[in-house]
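Here is the structure we will look at.
Derivation of every value follows stated rules applied to the coordinates shown; laboratory data play no part. For clarity, every value in this text was computed on a predicted model and none was experimentally measured. When we count neighbours, we look across all protein chains shown, and the Cβ atoms used for this are built from the backbone with ideal geometry, even at glycine.
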Amino acid sequence: MKSRVKVIFFVILLVFVSSIAIGGYEKNIIDKAKSKENLYNQVELFADAISLIRSDYVDEVDSKKLIYGAMKGMLSSLDDFSQFMEPDEYNEVKLETRGEFGGIGIEISLKEGMLTVVTPLVGTPAEAAGLKPGDKIVKIDGKITKNITLSEAVKQMRGKPGTMVTLTVWREGLQKILDVAIKRDVIKIHSIKKANLIEDKIGYIKLVEFQENTPRDLEDALNKLEADGMDSLILDLRYNPGGLLDVAVDVAEKFIMKDKIIVSIKSRNKAHNAMFRSNGRALHPDYPIIVMVNEGSASASEIVAGAIQDNKRGLILGTKTFGKASVQTVIPLKDGSALRLTTASYYTPNGKLIRNQGIIPDVVVGKENRVEKKKDAVDLFEELEKNGLEAPKEPSGKKEIEMDNQLDMAINLMKTIKIYKSQKG
């Protein structure tokens, strides 16, 4: 009798659980159907709006212009990096990846809705003109940049070498608006700017961008410095806006031992998640390393710094990085236009999100500038007050000398590390 009761109870329980499962499955189907219906309703609303504009707007409007405008608004509403590119804008992007183009040499982003300088590229007109990371570009040639897209901003700043463009920027440190006139030039990007021994057998490499040829160039530089007796390395990634993911992995692999995590990618579609490990090609894993970063270090620079930091391969020195490390996938469309869509985020080996967070250095050191004034010089701030929001193109009678206290600190810290290692040995 008891056995029969147990069987009946089990059958009832099974039916109950099955009902819940079926109910949940049905609910999931209903939810998906409602979502699809909602999407169709919104698309119908969009089609109605286009029809009304075409029939009732005061002037005749080209259909492609309407669709392109809607695409730009749709992509810009997602995040600061997703965008719709018209065919000529997409061609500009492809031109840039070849490493040579006419412009001012600046990496920009949309940050909190404002066109923001990530970094001026080393050795370019933008750097020579004094643009700094964090500058907010409020006008380009007198045109307000409110609601501008990245592709539109790039298009306005590009141009024939020798022509001028004036950027009006808001600089937080001064709390003033500055006009910066810049002469365009042919921008040739070389990934390594400096590679030399500085003192006490400390090697110094200034890496300014991650390009296809960067791993080879870095390998050549490391081999030369090692042949000259280098026993420690300072890798300077300040003002490096990043570049290619696989190049960042190749660079990190030169210093990180086999099977160590370098970076992971996580997206909404778990099938697209990926984890990159060092494959054992590390040829330079033994000597102490200090990686220098600042607010102009972004994307691939943050991947390398995070890998070095989390794998305890070296120290990170400087200021917090930009926090841009996310995956933008460029998807061509059939009419020659393209979508640049944020599809995933980068995480450090310890699982820290880089996007909007940045890499926090182990040793935080801000940068100091010393200003040398001539006796008859007029102070820049007095000129700003006198002219209101208008600023002189060049501060008259004044020269700013940058004192690289961050590099000085890195050198002194490296000397201390080497003394400690020798005593411990």
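For the reader, a short list of remarks on this structure follows.
- The stretch 99-188: radius of gyration over Cα atoms, expressed as a fraction of 2.2 N^0.38 Å: 0.98
- His272/Leu66 FRET efficiency (R0 25 Å; Cβ-Cβ; nearest 0.05): 0.20
- FRET efficiency, 1/(1 + (r/R0)^6) with R0 41 Å, evaluated for Asp88 and Tyr420 via beta carbons: 0.10
- Panel order for Asp217, Asp135, Asp259, by other beta carbons found within 10 Å of each beta carbon, from fewest to most: Asp259, Asp217, Asp135.
- Normalised by the number of residues in the stretch 73-221, the mean separation of alpha-carbon contacts (under 8 Å, six or more apart) gives a relative contact order of 20 percent.
- Flagged links, alpha-carbon separation over 26 Å, of Lys320/Lys421; Lys65/Lys146; Lys270/Lys352; Lys188/Lys266; Lys254/Lys352: Lys320/Lys421; Lys188/Lys266
- FRET efficiency, Asp200 to Lys258 (Cβ-Cβ, R0 30 Å, nearest 0.05): 0.50
- Using θ = phi - 60° in the Karplus curve 6.51 cos²θ - 1.76 cosθ + 1.60, the 3J(HN,Hα) couplings for the stretch 302-311 round to 6, 5, 5, 4, x, 5, 5, 5, 5, 8 Hz; x is entered for Gly and Pro.
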